[in-house]
Structures are given as C-alpha cells and as structure tokens.
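What follows is a short report on a single structure.
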Amino acid sequence: MRHTAQWWAERVAEFAQTGDARAVARRHGVNEATLVWWRSELRRRAREGAVPRLLPVVVRTGPPRVPAVQTCELEVFVEIGATRMTMRGAVSAEHLAAVVSASTRSC
C-alpha cells in the first residue's frame, strides 16, 4: 500500500513525540528505515518550500517624533527559514533586495 506524504508526516510526528522509530514503524506496518527516510525528506521539503515569514508592522498614531538631529537610520529584520538577519543604519532598497535574494539561494 502506498501512503501519501501527509500520512507519513503524521507517522513522523508520532515518531518525534515518542522517540521510538522501531515501535512506530511496527505499529503501522512499515519499514523503520522508510520512516526515518521520510523524516529527512519532509525536513528537506520544508526547507525548500520555506517562504519568507512576514512580521507584523505596528503603526503608531499621533505626531511623528523628530529627533534633534535628522538621521536616516533604519532597522530591518529579515527571517527566511532558519536564517535571521538584522540590518541597522542606512539600508537602501537595492541592498535589501540583494541580501534577501542571496539568502534564498541554496549553497
């Protein structure tokens, strides 16, 4: 019988919870090595399909606060998969686009 990736994801979750691949495989009538392979395959698929996570933006109402000295400082947080970057200072749109583009390419 051929199982779907979703079915395997449920078995892998059970394996992660119990920590016993042999028992989970035996309970569901599958090969232990196949269960372990699916765990790595699902992780690989998750990494490849990872999309940038958008963080919430807080908009404050009221008059803008103007510093005594006008500066062009910016703090940008970029999170793609397990990669997290923080950029501070003058960040141009071109620089930000290049960093995000480079971080999404696999090595």
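The values are calculated or read from the model by the stated rules, or taken from the named source; none is laboratory data. All figures in this text were calculated on a predicted structure; none of them were measured in a lab. Counting neighbours? That spans all protein chains shown, and the Cβs are built from the backbone with ideal geometry, glycine included.
Structural remarks
- In segment 1-15, the residues that are assigned to a loop (DSSP other than H, G, I, E, B) reach residues that are among the aliphatic types (A, V, I, L, M) and surrounded by 13 or more Cβ atoms within 10 Å (Cβ to Cβ) with C-beta atoms within less than 9 angstrom, at least six apart or across chains, in these pairs: HIS3/VAL30.
- Entirely in segment 21-107, the helices (runs of 4 or more DSSP H) that have 3 or more residues that are farther than 30 Å from GLU10 by Cα and at pLDDT 75 or above: 93-104
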